[in-house]
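Input: a single structure, listed below in structure tokens.
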């Protein structure tokens, strides 16, 4: 995620907030790169949910993305999960059931 894609991410996040979701798991497994703009987008998302007493979990981070989140200590601001299923479990939801 970089400056070119962060705007789409922000739009999706606003839509999720407007839907009334109080907690969300963001699947990072498909990312091979995250820039400072992407990190900023995650932090903004966290702030929006926190302002509404909600929570954002990050899941599936690996490789360079995981390293960036750890080096910047952003990972300490989120609950980090290895997979979407693990994140759903952390949220008390059953994987595979909508």
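No lab work stands behind these numbers, since they all come straight from the coordinates. Owing to the predicted nature of the structure, the values given are computational and were not obtained by experimental measurement. With ideal geometry, Cβ positions are generated from the backbone for all residues, glycine too; neighbour counts draw on all protein chains shown.
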Cβ-Cβ FRET estimate between residue 64 and residue 84, R0 fixed at 30 Å, reported to 0.05:
0.90
Just to be sure I understand the model, the point goes 7 Å from the Cα along the line to the Cβ. What's the resulting residue 55 to residue 71 distance in nm?
2.9 nm
Among 60, 22, 38, the residue with the largest mean-square fluctuation in a Gaussian network model of the chain built from Cα contacts under 10 Å is 22
Candidates 46, 19, 36: whichever shows maximal mean-square fluctuation once the chain is modelled as a Gaussian network with Cα springs under 10 Å:
19
With Rg and Dmax of the Cα atoms in Å in mind, check [x] 23.4, 66; [y] 15.3, 51; [z] 12.8, 35 and report the label derived from this structure.
[z]
